[in-house]
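*Asks:* Shown below is the structure under consideration.
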Amino acid sequence: MAKNKEREIEKLRDEIRRHDELYYVANAPEIADREYDQLLETLQKLEEAHPELITPDSPTQRVGGRPAEGFPEVVLTRQMLSLDNSLTSTSCVPSMIVAVASLKGAHSNTLPN
């Protein structure tokens, strides 16, 4: 059983890494963002159920990957905000509205519902 889970987890990691390369480096994604999120969520659940199988190189244990070439370095003057998982509407959308409103100097209750 443990060997089967180990193989399943490694296969999923390889699939996620492949999609990372296609999306971030080749600029040629093959799946929708939601499908990618589902792969990552599945991996997270498997690793939570089997923490002994978590490895430092797992897609769940790192931020980002190899950057695409050809972009100049940019120094940000303001903190860059992240959407994290943009499809989690219960937490992301209200938080983003408040963040945008605060950057514009508005109050969140002045934004349309």
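*Asks:* Taking into account only those residues within region 51-67 that are modelled with pLDDT of 70 or more and in a loop (DSSP other than H, G, I, E, B), which is surrounded by the most Cβ atoms within 10 Å (Cβ to Cβ)?
*Replies:* Step by step, filter region 51-67, then rank; the result is S58.
*Asks:* Residue check, V93 against (1) more than 30 Å from A2 (Cα to Cα); (2) β-branched (V, I, T); (3) modelled with pLDDT of 70 or more, all met but one. Which one?
*Replies:* All conditions pass for V93, except number (3).
The values are calculated or read from the model by the stated rules, or taken from the named source; none is laboratory data. Since we're looking at a predicted model, the values are computed, not measured. Note that each Cβ is placed from the backbone with ideal geometry, even for glycine, and that neighbours are counted across all protein chains shown.
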